[in-house]
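Structure, as structure tokens:
The values are calculated or read from the model by the stated rules, or taken from the named source; none is laboratory data. For clarity, every value in this text was computed on a predicted model and none was experimentally measured. A quick note on method: Cβ atoms are made from the backbone with ideal geometry, for glycine too, and the neighbour counts reach across all protein chains shown.
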Amino acid sequence: MSEHNRPEAFDRLRRLPVVGRAADWGLGPHAVSKRTREAGTRIAGLDVTESVCPYCAVGCGQVVYTRGGELVNIEGNPRSPINQGTLCPKGSASRQLIQQPGRLTTVLYRRPHGTEWEELELEQAVDMIAERVIAAREAGWQDTDERGWRVDRTLGFCSLGGATIDNEENYLIKKGFTALGAVQIENQARI
């Protein structure tokens, strides 16, 4: 049935907020209230970009406000069918990923039995990590288990992902640690 052939009662029914949104599955222009449409950009004079929260695999929609390339504000996207404008505490704090004054921007390392932190070049830190992963893998490698079954694994290290890692990064980390022979791989993507 085309738009022009619909009964008038159906069109009046669609104008009711709940029915109109349900008819469009919460998407499209009916998902935004008339008041929101008329308001336009919530923070005037800023560039607005729709984005996705980086904290977990849920994929909540965010609205990012910038001025001249500088971040001004991040808030939940009311047009997102996932979070409908809300954000969890992690998503609400995502602006701090960039602008938190105490955010570390260099690699800090404290040597065994040391009492002070020292700055390292990123390349040196990555090389140190790689050497330690290889040594732990070799030291903890098992060809077979106690029953003689072939296992080809290491119990020399594990992976515990953090809550700021997105779904794609978790996928790559899981694949990488599995390729190294690790069996203890977990992610903490909860609040």
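Conditions (1) more than 23 Å from S51 (Cα to Cα); (2) assigned to a loop (DSSP other than H, G, I, E, B); (3) over 26 Å from the mean Cα position of the chain (by Cα), marked per residue:
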{"site": "Q84", "(1), (2), (3)": "no, yes, no"}
{"site": "K90", "(1), (2), (3)": "no, no, no"}
{"site": "R103", "(1), (2), (3)": "no, yes, no"}
{"site": "F157", "(1), (2), (3)": "yes, yes, no"}
{"site": "L160", "(1), (2), (3)": "yes, no, no"}
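Residue under question is R137, and the condition is that it be touching a residue at least 40 places away in the same chain (Cβ under 8 Å), more than 30 Å from A93 (Cβ to Cβ) and surrounded by 12 or more Cβ atoms within 10 Å (Cβ to Cβ); does it hold?
Numbers: touching a residue at least 40 places away in the same chain (Cβ under 8 Å): yes; more than 30 Å from A93 (Cβ to Cβ): yes; surrounded by 12 or more Cβ atoms within 10 Å (Cβ to Cβ): yes.
Here the answer is yes, as R137 does meet what is asked.
If you check T115 against the conditions, is it exposed (fewer than 10 other Cβ atoms within 10 Å of the Cβ) and outside any strand (DSSP E or B)? Break it down into steps so the answer makes sense when it comes.
Numbers: exposed (fewer than 10 other Cβ atoms within 10 Å of the Cβ): yes; outside any strand (DSSP E or B): yes.
In short, yes.
Among V133, V151, which is assigned to a helix (DSSP H, G or I) and of a type in the set (V, I, T)? Please lay out each step first, then the result.
Values: V151 fails: assigned to a helix (DSSP H, G or I).
Among V133, V151, only V133 is assigned to a helix (DSSP H, G or I) and of a type in the set (V, I, T).
What about E50, is it of a type in the set (D, E, K, R), outside any loop (DSSP other than H, G, I, E, B), surrounded by 17 or more Cβ atoms within 10 Å (Cβ to Cβ) and at pLDDT 90 or above?
Values: of a type in the set (D, E, K, R): yes; outside any loop (DSSP other than H, G, I, E, B): yes; surrounded by 17 or more Cβ atoms within 10 Å (Cβ to Cβ): no; at pLDDT 90 or above: yes.
The answer is no for E50.
Any idea which of (1) closer than 26 Å to E186 by Cβ; (2) more than 17 Å from the chain's Cα centre (by Cα); (3) assigned to a strand (DSSP E or B) is the one L71 doesn't satisfy?
Failed condition: (1).
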